[in-house]
Amino acid sequence: MSTTVSRAHWTGLNVFLHWTIVVLIIGQWIEGEYMTALWDGTLDGKVLDQTTVLLGYSHIVLGTFVLAAAAVRLLDRFVNGRPPHPEGEPTWAATLAKVTHVLLYAALLVMPALGLAAWFTGNDAIAGYHTFL
């Protein structure tokens, strides 16, 4: 995820998207059980209460926002670069930071993509992968 551009600070867009993603993920966590109930109820043809439907569908919408925000944030990072790691930082710490960020971005992109794929196809196996992450 390196780029030739080097900055002293993160861009305002990157900071905004970082905290937006944090808030969206907290929302996803809070309403996750409603999505499970919506998924199971929809597949089983059950009648669901309004709260389950509303919060289940909002889980889909917020997940889509997470996917979009993560993609834009990653694009901003490639285009505008990132601040350098602190001077004197051990090599193992810089490597760990890079690996951690790659894994975080992978989760931020793959998890909502799997959720959307599961929802639009009705595929329970894909939904299982989404839930596993």
**Q.** Within the chain, helix-based [θ] at 222 nm, where runs of 4 or more DSSP H residues each add -39,500 (n - 2.57), nearest 500
**A.** -28000 deg cm²/dmol
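Run the numbers for ASN80 and LEU96: contour at 0.36 nm per residue of separation, minus the present Cα-Cα distance, in nm. Kindly include the intermediate steps, with their values, before the conclusion.
Numbers: separation 16, 0.36 × 16 = 5.76 nm, distance 2.21 nm.
Residue separation times 0.36 nm, minus the Cα-Cα distance, leaves 3.5 nm.
Can you give the local net charge around ALA97? Use residues other than it whose beta-carbon is closer than 11 angstrom to its beta-carbon, Lys and Arg +1, Asp and Glu -1. Intermediate results must be reported in sequence, preceding the final value.
Numbers: positive: ARG82, LYS98; negative: GLU89.
For residues surrounding ALA97, the net value is +1.
Mind checking region 23-92 for GluC sites (Glu not before Pro) that DSSP puts in a loop (not H, G, I, E or B) and that have at most 11 other Cβ atoms within 10 Å?
Values: sites: GLU31, GLU33, GLU87; in loops: GLU87.
For GluC sites (Glu not before Pro) across region 23-92 that sit outside H, G, I, E and B with at most 11 neighbouring Cβ atoms in 10 Å, the list reads GLU87.
Laboratory data are not the source of any read-out in this text; all were calculated from the coordinates shown. None of these values were measured; they are calculated from a predicted model. As a convention, Cβ positions derive from the backbone with ideal geometry for all residues, glycine included, and neighbour counts pool all protein chains shown.
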